[in-house]
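The values are calculated or read from the model by the stated rules, or taken from the named source; none is laboratory data. On a predicted model such as this, the values are computed, not experimentally measured, just so you know. Cβ coordinates were reconstructed from backbone atoms using ideal geometry, including for glycine residues, and neighbour counts include every protein chain displayed. The area values use the complete protein model at the heavy-atom level, side chains included, leaving out ligands, DNA and RNA. Shrake-Rupley method; radii C 1.70, N 1.55, O 1.52, S 1.80 Å.
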Amino acid sequence: GLDPGDQGCQMYDATSFVFRKRRFDPTSPLILWQIASVGVPIYKEERLWGPNGLLVLQKILEEHYPAGHEMILYEASSIPTCPSRAERIPLHDLARSDVTGSSTLYVPPLEAVEYDWEAIKRLVPSDT
């Protein structure tokens, strides 16, 4: 149900988001891919999941969003007859969440950005 044309959309690999000092807009939707493997440099089955990367990600997000900000853990279905997963969680529960290698995190905007009515007036004729 996300329309990136409505409010824009920011998407990052979760490890890249954590490792780089990203400047992002908390008033625009944020999508983070591969959240289960934050900070895992090499695939090793025993190290792929774990709360450490999620905890670091949680702390970074808490610098920009309130701890109770509701987010969505999403997993697309890999089988057409099975439903996808969309679980609502507060930010403060991220590190304790049940994630898999297919988990994506959707962080809704904090607030709606107000329209620039002056720019709109310049672009849209008043007689329409």
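Values for this structure:
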item: Spacing of the two label points (7 Å from each Cα toward its C-beta) at R85 and A112, in nm; result: 3.3
item: Candidate residues L110, L123: accessible-area rank, largest first, probe 1.4 Å; result: L123, L110
item: Segment 3-44 - Kirkwood radius from inverse mean 1/r over Cα pairs (Å); result: 11.4
item: For peptides 19-31, 78-90, sequence by mean Cβ density within 10 Å, most packed first; result: 19-31, 78-90
item: Solvent exposure, largest accessible area first (probe 1.4 Å, DNA, RNA and ligands not counted), of H69, H64; result: H64, H69
item: Full-extension gain in nm, Y74 to L2, via 0.36 nm per residue minus C-alpha separation; result: 24.7 nm
item: Heavy-atom accessible area order for K121, K59, largest first, 1.4 Å probe; result: K121, K59
item: Viscosity 0.890 mPa s, 25 °C: Kirkwood-radius Stokes-Einstein D of segment 81-128 over Cα pairs, µm²/s; result: 161
item: Antiparallel bridges, percent of DSSP beta bridges restricted to the chain (to nearest 5); result: 75
item: From phi via Karplus (6.51, -1.76, 1.60), per-residue ³J(HN,Hα) for segment 9-15 in Hz, x at Gly/Pro; result: 6, 10, 9, 9, 5, 4, 5
item: Sites T100 and A67, calculated FRET efficiency, Cβ-Cβ separation with R0 30 Å, nearest 0.05; result: 0.80
item: Rounded D (µm²/s) - the chain, Kirkwood Rh over Cα pairs, Stokes-Einstein at 20 °C, 1.002 mPa s; result: 132
item: Helix-only mean residue ellipticity at 222 nm for the chain, each DSSP H run of n ≥ 4 adding -39500 (n - 2.57), per residue, nearest 500; result: -6000 deg cm²/dmol
